[in-house]
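Notes to accompany the following structure.
The numbers here are math on the coordinates, done by the rules we state, and not lab data. Since this is a predicted model, take the numbers as computed values, not measurements. So basically every Cβ, Gly included, is an ideal-geometry build from the backbone, and we count neighbours across all protein chains shown.
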Amino acid sequence: MIRKVCVVDDVPTNIELVEAVFKTNKNIVISKANNGKQLVELLEKEGLPDLLILDLMMPVMDGFETLKNIKNIRERNYFPIIVLSALTDKQSIIQALSLGADDYITKPFFVEELKARVNNMLKLKERDEFLSATLDVMESNLFEKLKMLEQSQLEVIIRLGKAAEFRDDETGKHIERIAEYVHVLSDTLGLHKDYINMMKYAAPMHDVGKIGIPDNILLKPGRLDENEFKIIQLHTIIGGRILGGTTLPIMELATEIALSHHEKWDGSGYPLKLSKMNIPQSGRIVAIIDVFDALTSHRIYKPAWSIDKACDFIKEQREKMFDPDIVDAFFECIDKIINIKISKTDDLHIKPIIKQIIDGDVSIEEFIERSR
């Protein structure tokens, strides 16, 4: 391997002497500078050396000042430094070493000693390169594993949301739309990128508490009575208990959303009857999105509304159910919202098909084919 050694000295004869020492070594290429200022210019022009041999007593910029000037460069990209100087006092030696020099040789020097010191420093450089490369590989592997772990967590989160949603939305498309709606609306509100991404994955778990609601209430075709409505409201508390008790930021956000997405701007919501800015921002965002998608989707207890009718309802509920600023942002991005609604339609209703299988109208093979 070819190694580049840079020699900095204001006396040309000294540079020539060092060149002569390594003249027969084909693996070492010598570059040179007459002072620290020239060295800095050389580093900018030709890049960093594998080793620097530095004199201390030089005009323009001496060796001590040079060590100070290249300190930041070496912190980012290390290369060893041997000071080669006529200064033999302890103070100069200690000062040079404290400023970052790796070795110190006094002039006049022994040729074999210089060779040995240079070889040792180049081995040190080689070890540093090996460790850096190894560390890069380890960091890359760790990053990939963390990325896989994060993706696995997100997959579990998405599946958990879908499992709950299948209770009363047999397509499971509702939570896919919720994720996309929330991403668009949060972006329109100008929220931080990291928060937007967390919202996208936390929002689909807003109704996970439905797991704890009895079917005869959750899937009731008619209007709920007072007691049944109180039970259906419990899905917010149940969701909070399912998702709570963790230190994962995304799960903490999901807990917040599960508990607050049915609160209303005027304080008439549930479960805590919070109002205005006392409702977490995440809950205020998901409240509008959830209502819009619920209104425009078919359920066993109601037909789907038109998009225009749902939008009119949201406008009417500005400053009643919904945060007025978030309503305004919703209509700023309404075209994107509608496109998401159209692209993620409820195309495969599982429960009716299961009934058809039981009744013998559809074979299992036909169901599998339609599910692909």
Starting from the amide H of Ala304, placed 1.01 Å from N in the peptide plane, find each other amide H under 5 Å away whose residue is 5 or more places distant or on another chain. His298, Arg299
Which values of log₁₀ I(q)/I(0), to two decimal places, follow from the Debye formula for segment 1-145 at q = 0.10, 0.14, 0.18 Å⁻¹ with a uniform point scatterer at every Cα? -0.35, -0.65, -1.04
Diffing segment 79-91: the Karplus 3J(HN,Hα) column from phi (6.51, -1.76, 1.60, θ = phi - 60°), in whole Hz with x for Gly and Pro, holds 9, x, 10, 10, 7, 10, 9, 7, 6, 10, 6, 4, 4
By average C-beta atoms within 10 angstrom, highest first, the peptides 331-340, 237-246, 303-312: 237-246, 331-340, 303-312
Extension gain, Asn69 back to Glu226 (0.36 nm per residue minus Cα-Cα distance, nm): 48.8 nm
Place a point 7 Å from the Cα of Lys115 in the direction of its beta carbon; the residues of segment 10-44 whose amide N falls under 16 Å from it are 17-29
For segment 310-315, take each phi angle, set θ = phi - 60°, evaluate the Karplus expression 6.51 cos²θ - 1.76 cosθ + 1.60, and give the result in whole Hz per residue in order, putting x for glycine and proline. 5, 5, 4, 4, 5, 4
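What is the extension gain from Thr247 to Glu316, computed as 0.36 nm multiplied by their sequence separation minus the C-alpha to C-alpha distance, in nm to one decimal? Walk me through the intermediate numbers first.
Working: separation 69, 0.36 × 69 = 24.84 nm, distance 3.84 nm.
That pair, Thr247 and Glu316, stretches by 21.0 nm at full extension.
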Extension gain, Asp187 back to Ser98 (0.36 nm per residue minus Cα-Cα distance, nm): 26.9 nm
With N set to the number of residues, divide the alpha-carbon radius of gyration of segment 51-135 by 2.2 N^0.38 Å and report two decimals. 1.12
Phi-based couplings in Hz for segment 255-270 (Karplus 6.51, -1.76, 1.60; Gly and Pro marked x): 4, 4, 5, 4, 7, 10, 6, 10, 6, 10, 3, 8, x, 9, x, 8
I need the calculated FRET efficiency for the pair Lys45 and Asn197, taking r as the beta carbon distance and R₀ as 56 Å, to the nearest 0.05. 0.85
Of Lys23/Lys68; Lys193/Lys302; Lys32/Lys125; Lys45/Lys125; Lys220/Lys336, which ones are farther than 28 Å apart at the Cα? Lys23/Lys68; Lys193/Lys302; Lys220/Lys336
